[in-house]
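The values are calculated or read from the model by the stated rules, or taken from the named source; none is laboratory data. This structure is a prediction, so every number in the text was calculated from the model and none was measured. No Cβ is skipped: glycine too gets one built from the backbone with ideal geometry, and neighbour counts run over all protein chains shown.
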Amino acid sequence: MNICFPVTSDAGLDSPLSGHFGSAPGFLFIDTETGGAEFVPRASEAHEHGACRPLDAFRDRTVDACVVGGIGGGALQRLQAAGIQVIRGTGPTVRACLASLVSGEKTLLGAESACAGHGSHSHGGTCGGH
């Protein structure tokens with residue numbers, strides 16, 4: 001399985017999960033079969049709600065799932081439309097989230113879980129109080 005994690009910095013499996021998909025400085029792609037990991041910095045520093053282009057980071061990659069701390073409705077819909085499962089992150093790091101997934105803990109996100117806008121969260125923390 002190929003999984004994407006929006007992260008705040010590149011520290012391999014110890015990379016901190018970003019509190020919000022759209023403002024993550026980069027993405028860590030993990031291949032669970034090979035154990036391979038690749039960090040890809042976000043292409044644009046600018047971020048406005050509704051202008052997020054999440055699939056830009058996934059060019060030329062097969063991604064089965066994206067594990068997030070928080071995500072806006074537009075990005076959530078675009079990922080789901082591309083056939084990518086969006087899963088709630090359960091730990092502070094990629095390693096902790098992977099451990100939860102291996103143990104069978106997996107909560108798929110729906111529209112009711114999306115962030116409502118900048119007023120409902122801080123980009124340094126979790127989105128909407130998740």
Please specify each residue of region 91-121 satisfying the condition of being modelled with pLDDT of 75 or more, touching a strand residue (DSSP E or B) at 6+ places or on another chain (Cβ under 9 Å) and part of a loop (DSSP other than H, G, I, E, B).
91, 92, 106, 107, 109, 110
Please name all residue pairs, on different chains or six or more residues apart, with Cβ atoms under 9 Å, provided the first residue is in region 26-52 and is more than 18 Å from residue 77 (Cα to Cα) and surrounded by fewer than 11 Cβ atoms within 10 Å (Cβ to Cβ) and the second residue is modelled with pLDDT of 90 or more and not acidic (Asp, Glu).
33/1; 33/2; 36/29; 36/30; 45/25
